[in-house]
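Please treat every number below as a calculation from the coordinates, not as lab data. These figures come from a predicted structure and were not determined experimentally. Counting neighbours? That spans all protein chains shown, and the Cβs are built from the backbone with ideal geometry, glycine included.
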Amino acid sequence: MGGILLGPLFFFAACAAGRIVGETYRDPENGFQVRLPPAGWIPRALDGATLSFESPDLRAALALLVECHAPETGDLPGVARHLFFGLEGKRFEAREAIRLHDAPGVRTRLRARLEDAPVEVEGVTFRRARCLYDFIYVAPPAAFPQGHPDFDAFVQSWAPLSER
């Protein structure tokens, strides 16, 4: 459902600048690496996403978006709202400030409707150096708990590369 769920939020196209080494995506240009999700998550190219995957079994999708050339400015809770454009009937469940490798961030969870179907969504937005990083996970409410550990591991695996 990644293409189905995220399709209205992003158009299909590829835009990754890094490369995969083993089970890790490394992006020296933007200075980070992240571990790929486990088997069961199929890569899907989505416009605006550096990495994106879908789980047909869960009818879920997750993605990482990276903007280092002209990142949106402002407070992170406000900036994070761009992850939820295209969703209807948004009901925010939780929002918390986080830190990832000393980078300030915000984690937001909500319930909404996408293409008239109920979804649960979690987004993590943070800044480091000149870049804005967005992780997003979308799933039907009943499947959300099953895929959430993979999403959380994906987010937690993010790490800066050594300074050049």
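Observations on the model:
- Taking only the Cα atoms of the chain, the ratio Rg/Rh comes out at 0.93, with Rh defined as the Kirkwood radius.
- Computed magnitude of the charge dipole of the chain (debye, nearest 20; Cβ of K, R +1, Cβ of D, E -1): 220 debye
- Computed helical MRE - 222 nm, the chain, DSSP H runs ≥ 4 contributing -39500 (n - 2.57), nearest 500: -3500 deg cm²/dmol
- Among ILE98, ALA63, ILE42 - extreme Cα towards positive end, dipole of the chain, charges at beta-carbon: ILE98
- The calculated Kirkwood hydrodynamic radius for region 107-164 is 12.8 Å, given to one decimal from all distinct C-alpha pairs.
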